[in-house]
Amino acid sequence: MSTEELSKAYDPAEVESKWYKIWEERGYFHADVNSSKKPYTIVIPPPNVTGQLTMGHILNNTLQDILIRFEKLNGRETCWLPGTDHAGIATQTKVEKELKKNEGLTRYDLGREKFLERVWAWKEQYGGKIIKQLRSLGTSCDWQRERFTMDEGLSAAVQECFIRLYNKGLIYKGHRIINWCPKGRTALSDEEVIYKEEKGHLWHFRYPYADGSGYVVIATTRPETLMGDTAVAVNPADERYAGKVGKKLILPIVNREIELIADDYVEKDFGTGAVKITPAHDPNDYEVGLRHNLEVINIMNDDGTMNAEAGKEFEGMDRYVCREAVVKKIEELGLLDHIEDYTHQVGYSERNDVPVEPRLSDQWFVKMKPLAEPALKAVDDGRIKFYPERWVKTYRHWMENIRDWCISRQLWWGHRIPAYTCDQCGEIVVAKGMPEKCPKCGCTHLTQEEDVLDTWFSSWLWPFSTFGWPENTADLKAFYPTQTLVTGPDIIFFWVARMIMAGIEFMGDIPFKDVYFTSIIRDEKGRKMSKSLGNSPDPLDVISTYGADALRFTVIYIAPVGQDIRYSNEKCEIGRNFANKIWNVVRFRLMQGPVTSAKPTLDNLGTLRPDDQWILASLNQAIKGVTDGLANFRFNEVSKILYEFIWSKFCDWYLESCKPVFNGGDAAQKQTVLRLFDYCVATFLKLLHPIMPFVTDELYHQMGFATADDSIMKTEWPSAISEDVLNSYGATQAAEDDAEAKFELIRAIRAVRANYGIATSKALDMVVSPANDEMHEFLKRDEASFKALVNAGELKFVPGYQPEGPSGVAVSTAATAYIPLAGIVDLDAEKKRLEKQEAELAKYVGVVEKKLSNEKFVSKAPADVVAQERAKLAEAQEKLARVREQMKAY
RNA sequence: GGGCGCUUAGCUCAGUUGGUUAGAGCAUUUGGUUUACACCCAAAAUGUCGCUGGUUCGAGUCCGGUAGCGCCCACCA
């Protein structure tokens, strides 16, 4: 127990660094694989190695930590596995940018091997920086199990996965049009293309018929692909072109003959109804080309410049420079019909932010349909639950329309594809390591695939590769499947869906049971936080200013389920003030003497005062509400229950009611109240611990509930108080109602005081006339706290009291209170106050009377609702009568 | 083109299966050195719950329509 008095204000900095170190050193975060306890596992969404801690990470990891700490107190063997993602294209792009900036070099200048050395050096320097930063947030990660997606074990898992899918026929190599990033010079998956609305043009060009009989006008958004055209297509049902199909056209500029063909793909009503067909540069055109056996002419290099096929005139030009050049040329040729403004969606590469180019190339694909079916079923039949549930719809839509996943990347940073091509016969061998010889021709010269895999091809294995898969490890058996995944809805396709597929495919079981999708944190203007906008605060600064507990509490408090949140640093005052409030509860308590017991219980407390009964009942509701809320991911609700209970109930009312007992009550009563007080503090510290771990452990120790070598982390989650115990102490609904009625009276008396500007510190004599005998009894049961809460001088209870002189009058359900205010009472002001109260009550009585006089309401509404209304009416009528009685005096 | 979300006090937002006189924090006004806390206490003021129909004894809450804002998905060049 501390003998030092606590400082007036809570200072989190020292407390937080002290406790984190202690928790970690004592191994509190480490999960025992041999534990007999039921496991509870979360795998962290691995941040990119290039990343910095953002507000998004704060929210996401606070939520995970709350769950882990909650389940730990509930007796589960918790395992929170941390780690990082190599983030293929993101990291490579970043290192390339640095290289360009600092040394003016490209990756090609260095070569693959040297470049990779640089990336690894980068990873060593910055990788896992977020992970280290997370400690300041208090995350109880099992650091001994930290993983990286390019660890040896995880790399082996990637190979195993690739080989199995290949052998099953679910991975294949194909010649297709894919999304190509000309800046990164790599293929992308569909998900890595971000569509942006762009104001462009629809150019109308004239393509002359070869026989000189006029021309066809085509509309295009991409003039630069003209040189790759191998046909013009119209809808077969389009009368405008009836009889023209099959005729030859002269492709302008290149003067090549192409055919006018008919294909259902063409919409009659769009543009001119005639489309230029460029099989090498548009996925639809490619399909049309296949159907009509068209020539495929690739006119671009992999960096988005034009190649020799585009013609001498354009060769080497950037695609956008070329666009202008082609338009100019067409105009010169007199073939520019007209130009229309046109707004359309243009796909950009996620990481390099340049328009993607459809490109025909050889890539590796995963056949997704067979994997998607069982994964969709797992969510549809409720084995996996989404919170909020509406994301199921998004998930289903994607799963039902799933397309094959392009997994090969022409990058250097990542897992190299375990495929080998025979130099002699071209046979492809997929294997772990270089085969000694080609199984087909026996040739001993094979070359490994240059490409690496999409970064998500390793992350989709994360829930089990991290525990040792494909080895059947003890960890894997103990901790898979995991329980909860906490992540952002923005990676539902990239990651969540694919993990479900991989889990079912390779483990034969779902990877997690619940998926909680977090809010997106925006700035106070509602903009997404981003580096370029500079509107993202550095969480480490926030933590040093307000404290990690304050930040944690605040983000939970302002983040409702499934709604984006607007964040600003000032909001952390909510959490900071709350931490300070709790600190001061303990400070106050320790001023009253040592704690009653290191393990407070409710055994044989003695006789409780009404306020004790009330707080006990309230505490029980808080326990139930918080427990239920955390079990159902209603974090925001939990934070509000705790805030309300501790601040509004415990501090504002209960603690104040205890002061007269602590200062002058008899010894036995003081002991009873102290014991209950201690029980409440011990309980709410535990309830709050998952959200605010630091201050709660510190105060748990300050209170003397834990010895120096112990921790609140090692305690048990509070269970609801049994009905028997509550009843034995009179902590019933009736007691609560009585207490609330008393509080209403106290507020009314305070309002009179405030109305006259009388300082709270000035004691006032008063006479209370109870509304009935029960209230009379009730109010007299604990005069001391009542007196203290209204700061009464002489206090008398006189039923049916008639005031002798000018008084302030407070009418409440419980009683009418008279405060003699000779000399200061303002009769007009009193009258006004009463008139206002009368009007409000009369209005209310009218509403309820009307409701009750409605026969349909009385006959159809549930009996208890009707009874409730009747009781409310009677109460209001009685109060109204008293107010009117008082008004007679004026 | 399809899907989803939001619209409640000056601001930021709560409001689980429909049922007290719709709440909180901040801001505002008034008063306060009661030895836990000014990161505080007490009191006050502020709302046609976007609009519009409907279901119901009863709608902020459920259903239809509609407006504005935002997000996601989609191969009309």
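Checking each residue in segment A:521-572 for being more than 8 Å from RNA strand B (Cβ to nearest atom), of a type in the set (D, E, K, R) and either within 25 Å of A:Leu630 (Cα to Cα) or at pLDDT 85 or above (or both) picks out A:Asp538, A:Asp541, A:Asp549, A:Arg552.
Annotation: A:Leu81 fulfils all but one of (1) at pLDDT 95 or above; (2) open to solvent by 10 Å² or more (accessible area, probe 1.4 Å); the unmet one is (2).
Residue by residue, here is whether (1) under 21 Å from A:Arg747 (Cα atoms); (2) touching an Asp or Glu at 6+ places or on another chain (Cβ under 7 Å); (3) within 7 Å of RNA strand B (Cβ to nearest atom) holds:
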position	(1), (2), (3)
A:Lys831	yes, no, no
A:Gln837	yes, no, no
A:Glu849	no, no, no
A:Asn854	no, no, yes
A:Ser859	no, no, no
A:Val865	no, no, yes
A:Ala871	no, no, no
A:Glu885	yes, no, no
A:Lys888	no, no, no
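With respect to the conditions (1) modelled with pLDDT of 90 or more; (2) outside any strand (DSSP E or B), A:Ala759 falls short on a single one, namely (1).
Checking each residue in segment A:1-21 for being open to solvent by 40 Å² or more (accessible area, probe 1.4 Å), away from RNA strand B (no atom under 16 Å from the Cβ) and either small (Gly, Ala, Ser) or in a helix (DSSP H, G or I) (or both) picks out A:Ser17, A:Lys18, A:Lys21. Screening segment A:577-599 for residues that are under 27 Å from A:Lys714 (Cβ atoms) and near RNA strand B (Cβ under 6 Å from one of its atoms) and picking the one that is least open to solvent (accessible area, probe 1.4 Å) gives A:Val585.
Residues in segment A:730-748 that are more than 9 Å from RNA strand B (Cβ to nearest atom), assigned to a helix (DSSP H, G or I) and not charged (D, E, K, R) were compared, and the one that is nearest to A:Asn620 (Cα to Cα) is A:Gln733. With the condition kept exactly as written, say whether any residue in segment A:134-152 is open to solvent by 10 Å² or more (accessible area, probe 1.4 Å), touching a strand residue (DSSP E or B) at 6+ places or on another chain (Cβ under 8 Å) and in a helix (DSSP H, G or I). So far as segment A:134-152 goes, yes, one or more of its residues are open to solvent by 10 Å² or more (accessible area, probe 1.4 Å), touching a strand residue (DSSP E or B) at 6+ places or on another chain (Cβ under 8 Å) and in a helix (DSSP H, G or I). Screening A:Gln52, A:Gln92 for residues that are open to solvent by less than 10 Å² (accessible area, probe 1.4 Å) and more than 16 Å from RNA strand B (Cβ to nearest atom) leaves exactly one candidate, A:Gln92.
Restricting attention to segment A:332-368 and to residues that are touching a strand residue (DSSP E or B) at 6+ places or on another chain (Cβ under 6 Å) and outside any strand (DSSP E or B), the residue that is least open to solvent (accessible area, probe 1.4 Å) turns out to be A:Met368.
Do the conditions hold for A:Ala31, that is, is it of a type in the set (Gly, Ala, Ser), under 18 Å from A:Ile712 (Cα atoms) and open to solvent by less than 30 Å² (accessible area, probe 1.4 Å)? Spell out how you get there, then give the answer.
Details: of a type in the set (Gly, Ala, Ser): yes; under 18 Å from A:Ile712 (Cα atoms): yes; open to solvent by less than 30 Å² (accessible area, probe 1.4 Å): yes.
Against the criterion (of a type in the set (Gly, Ala, Ser), under 18 Å from A:Ile712 (Cα atoms) and open to solvent by less than 30 Å² (accessible area, probe 1.4 Å)), A:Ala31 qualifies.
Among the residues of segment A:286-298, which ones are assigned to a helix (DSSP H, G or I) and open to solvent by 10 Å² or more (accessible area, probe 1.4 Å)? Once the filter is applied, which keeps residues that are assigned to a helix (DSSP H, G or I) and open to solvent by 10 Å² or more (accessible area, probe 1.4 Å), segment A:286-298 yields A:Tyr286, A:Glu287, A:Leu290, A:Arg291, A:His292.
Of the listed requirements (1) over 30 Å from A:Asp32 (Cβ atoms); (2) of a type outside the set (D, E, K, R); (3) within 15 Å of RNA strand B (Cβ to nearest atom); (4) buried (at least 17 other Cβ atoms within 10 Å of the Cβ), A:Thr518 misses just one: (1).
Taking the conditions (1) open to solvent by 50 Å² or more (accessible area, probe 1.4 Å); (2) within 16 Å of RNA strand B (Cβ to nearest atom); (3) at negative phi in turn, A:Gly757 satisfies each one other than (3).
Residue count for segment A:795-846 satisfying the condition of being among the basic types (Lys, Arg) and touching a residue at least 60 places away in the same chain (Cβ under 8 Å): 1.
Within segment A:263-278, residues that are free of Cβ contacts under 8 Å to residues at least 40 places away in the same chain have Cβ atoms under 6 Å from residues that are near RNA strand B (Cβ under 6 Å from one of its atoms) and part of a strand (DSSP E or B) in these pairs: A:Val266/A:Val275, counting only partners at least 6 apart in sequence or on another chain. Residue-level analysis places A:Phe314 outside the set of residues that are in a loop (DSSP other than H, G, I, E, B), among the hydrophobic types (A, V, I, L, M, F, W, C) and within 14 Å of A:Ile218 (Cβ to Cβ).
Out of A:Ala262, A:Ala237, A:Ala280, I need the residue that is open to solvent by less than 50 Å² (accessible area, probe 1.4 Å), modelled with pLDDT under 95 and within 13 Å of RNA strand B (Cβ to nearest atom). Which one?
Testing whether each residue is open to solvent by less than 50 Å² (accessible area, probe 1.4 Å), modelled with pLDDT under 95 and within 13 Å of RNA strand B (Cβ to nearest atom) leaves just A:Ala262.
Taking first residues from segment A:510-531 that are closer than 19 Å to A:Leu67 by Cβ and partners that are open to solvent by 50 Å² or more (accessible area, probe 1.4 Å) and assigned to a loop (DSSP other than H, G, I, E, B), the Cβ contacts under 6 Å between residues at least 6 apart in sequence or on separate chains come to A:Ile510/A:Arg383; A:Ser519/A:Gln563; A:Ser519/A:Asp564. One residue stands out in segment A:635-658 among those that are under 22 Å from A:Leu674 (Cβ atoms) and aliphatic (A, V, I, L, M): the one that is nearest to RNA strand B (Cβ to nearest atom), namely A:Leu655.
Scoring A:Pro463 on the criteria (1) surrounded by 15 or more Cβ atoms within 10 Å (Cβ to Cβ); (2) closer than 17 Å to A:Ile163 by Cβ leaves a single failure, condition (2). Can you find a residue that is over 23 Å from A:Asp65 (Cα atoms) and within 16 Å of RNA strand B (Cβ to nearest atom) anywhere in segment A:707-729? No, because not a single residue in segment A:707-729 is over 23 Å from A:Asp65 (Cα atoms) and within 16 Å of RNA strand B (Cβ to nearest atom). It is to be established whether one or more residues within segment A:319-327 are open to solvent by less than 50 Å² (accessible area, probe 1.4 Å), within 22 Å of A:Gly200 (Cβ to Cβ) and among the small types (Gly, Ala, Ser). Yes - at least one qualifying residue is present in segment A:319-327.
Just checking, which of A:Leu687, A:Leu619 is more than 13 Å from RNA strand B (Cβ to nearest atom), among the aliphatic types (A, V, I, L, M), in contact with a Cys (Cβ under 8 Å, 6 or more places away or on another chain) and touching a residue at least 60 places away in the same chain (Cβ under 8 Å)?
On the way: A:Leu687 fails: in contact with a Cys (Cβ under 8 Å, 6 or more places away or on another chain).
Unique residue meeting the criteria: A:Leu619.
Among the numbered conditions (1) within 11 Å of RNA strand B (Cβ to nearest atom); (2) closer than 30 Å to A:Pro660 by Cβ; (3) touching a helix residue (DSSP H, G or I) at 6+ places or on another chain (Cβ under 7 Å); (4) in a helix (DSSP H, G or I), the only one that A:Glu875 does not meet is (3).
Would you confirm whether or not segment A:182-198 contains a residue that is open to solvent by less than 30 Å² (accessible area, probe 1.4 Å), more than 16 Å from RNA strand B (Cβ to nearest atom), in contact with a strand residue (DSSP E or B) (Cβ under 8 Å, 6 or more places away or on another chain) and part of a helix (DSSP H, G or I)? The answer is no; no qualifying residue exists.
Go through segment A:401-431 and report how many residues are within 10 Å of RNA strand B (Cβ to nearest atom) and not polar (S, T, N, Q). Full working, then the answer.
If we filter segment A:401-431 for residues that are within 10 Å of RNA strand B (Cβ to nearest atom), which is where we start, we get A:401-403.
Filter once more, so that each one left must be not polar (S, T, N, Q): A:402-403.
Here the count works out to 2.
The values are calculated or read from the model by the stated rules, or taken from the named source; none is laboratory data. These numbers come from a predicted model, not from an experiment. Glycine also receives a Cβ, built like all others from the backbone with ideal geometry; neighbour counts cover every protein chain displayed. Each accessible area value is taken on the protein alone, full model and side chains, heavy atoms only, with ligands, DNA and RNA left out. Shrake-Rupley method; radii C 1.70, N 1.55, O 1.52, S 1.80 Å.
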